[in-house]
Amino acid sequence: MEPLLENIRLAAQEQQAALVDFTQQLVRIPSLPGQEHEVMPAITHEMNNLGYDQVWTDQAGNIVGKISGGNGPVVLLNGHMDHVDPGPHEGWPYPPFSGEIVEGELWGRASVDMKGPLACMVYAASLLKRVGLTPPGDILMTVAVMEEIGGLGTHYLASQLKAQAAICGEPSRNILRRGHRGRVQLTARFKGRSAHASVPHLAANPHYGVAAFLAQLPTLTMAMDPVLGASTVAPTLYATDQISPNVTPGEVYLTLDWRNVPGEPPPEIVAKVQNLLDHCLAASRLHDIQAMVEVATHELITYTGMAETFPSIFPSFLLPEDHLLLGAARTALSEALGRDEGIDIWRFATDGGHLMAAGIPTIGFGPGDERLAHTNQERINLTQMNEAVVAYAALILALAEAVKYEM
Ligand SMILES: [Zn+2]
C-alpha cells in the first residue's frame, strides 16, 4: 500500500487549490432542501471534469457519479447537497454564502455540513483513476437532496443502487464513526371542544390535556443502548387550530422529537406514547379530551417534481465494533493519517441510517467539526479537508478489499 499511498498523497496535493475553489463555489450557491437545482450543475460539471466515467441525476434529483472499476465490490460514497437556513445574516462573522477563507478555515453555511466533506469525496473518488489505478469494483459517488428534512434523497437512492459498502461523509473531525441514534418526529393531536373564552366551563380545553401529558412525560422509561446511551424525547413545536386569543382551541398539536436507539422501532415508540397519553387523560379525569399520536409525515416535492409523503424517520444504526469494515477502515486510516484515533459515534442522525436500513453496511468519516454544523460559526479547516481526500481514497480501497470475499 505504501508507494500507492504516496502517489495518492502527491496527486491530492496537486489538486488542493482546485478543491478549495470547488468548495467555495458550492458554498456560494444556496441550496435549501427542495431548491438544489442551482448547485446540481456545478457538481455534475466538476465530476465530468475530474474524469468520472458516468454522471447522472435520478428521478429525485440526486447526483450519481460513477468511476468504473473491476468486478469487485461496489463502494458507495454518500453526501448531501442541501443545508439548513443560515438564519439572520448579521449574526455571522463572515457572510454565510461568502466562502471566505480566514486563517486556514473556509467559512459559510454548509461548509462543514456538508459541502466541504462532499467536495473531498468527489475529488477522492477520481484520484484513484488519476494515479492510474482501476478500483477493484465501481465507485458510486452519490450526492443526495433533502437530507436536512428527513433524507428522502438517500432513501430513494438506496432503493435504486446496489453496493457492498458505503461511507457516509458527514463531518467527524476525521475520526471513524460507526453509528448514531435515530430520529423519529411525532405529532400528538389533542382534541377537545372549542368555546368562547368568556365561558370556559362550556369548553373541553385541550391545553389541559397537554399539560397533564407533559407533566408525566419525563417519567417515561427510555430504552438504553450500551454504546449510544439512552433514547431521549423532547417536546419542540406547539400549535393550535385557532388564531383568535378569545376562543379556546378545539384541537392542539404537539411535536415530539424522539431520538431512538437500535431495536426501538417507531411503532413501539408510538404505542408507548399513546399509552402515556391515555393514562394521563384518564388520571386527570379529562374525559372530554382525546389524544392520538402518530409519526409525522411531510409532503415533499423535490426540485425535479417528484412528490412523496415521507415519514419523518431517520433510522438509527450501529455497526458492531468488530465488524470487518470497521477493522479495515481503522487500519487504512492509521496508515493514511499516521495516527489511530479509534472509533466513535455521532450524536446526530445522518443519511447513513437510510443506507444501513437498505442493507448496505456503512461507516462514517468526514473532515470538519460537526459541532459547528447548523450554527452561525460554521467553517471547515482546510488542513482537515486535504487529509480527508487521502483518507477517503484509502478507505475506498480498504473497504472494497475487506468485503471482496463476501460477494
Ligand atoms: Zn449533514
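Each value in this text was obtained by applying a stated rule to the coordinates, not by laboratory testing. The structure displayed is predicted, hence computed values, not measured ones. Positions of Cβ are generated from backbone atoms using ideal geometry, with glycine treated the same way; all protein chains shown enter the neighbour counts.
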Cα-centred dipole magnitude for segment 32-120, charges only on beta-carbon of K, R (+1) and D, E (-1), debye, nearest 20: 320 debye
Once every DSSP H run of n ≥ 4 in the chain is given -39500 (n - 2.57) and the sum is divided by its residues, what mean residue ellipticity at 222 nm do you get, rounded to the nearest 500 deg cm²/dmol? -10000 deg cm²/dmol
Using +1 at the C-beta of Lys and Arg and -1 at the C-beta of Asp and Glu, which of ALA358, VAL27, PRO3 has the Cα lying farthest in the positive direction of the dipole of the chain? ALA358
Under 20 Å between C-alpha atoms, the lysine pairs in the chain lying 8 or more places apart or on different chains count 7
Sorting TYR253, TYR405, TYR123, TYR52 on the 10 Å Cβ count, fewest up front, what's the list? TYR405, TYR253, TYR52, TYR123
Near-label residues of segment 184-206 by backbone N, under 14 Å of a point 7 Å along Cα→Cβ of GLN242: 191-206
Translational diffusion coefficient, Stokes-Einstein: compute it for the chain using the Kirkwood radius over C-alpha pairs as Rh, at 4 °C and 1.567 mPa s, and state it as an integer in µm² s⁻¹. 57 µm²/s
Sequence order, segment 141-148: Karplus ³J(HN,Hα) from phi using 6.51 cos²θ - 1.76 cosθ + 1.60, θ = phi - 60°, Hz rounded, Gly and Pro as x, gives 8, 10, 10, 8, 9, 6, 5, 5
Cα gyration tensor, segment 183-299 - rounded (a/c under 1.5), prolate or oblate: prolate
Using packing as a proxy for protection, rank 372-384, 74-86 so that the peptide with the highest average count of other Cβ atoms within 10 Å comes first. 74-86, 372-384
Given Cα pairs under 8 Å that are at least 6 residues apart, what percent is the relative contact order of segment 221-287? 29 percent
With N denoting the number of residues in segment 72-172, provide Rg(C-alpha) divided by 2.2 N^0.38 Å, to two decimal places. 1.25
At a Förster distance of 41 Å, what's the computed FRET efficiency of ALA211 paired with THR304, Cβ-Cβ distance as r, to 0.05? 0.40
I'd like to compare 224-231, 395-402: which one has the highest average count of other Cβ atoms within 10 Å, and what's the full order after that? 395-402, 224-231
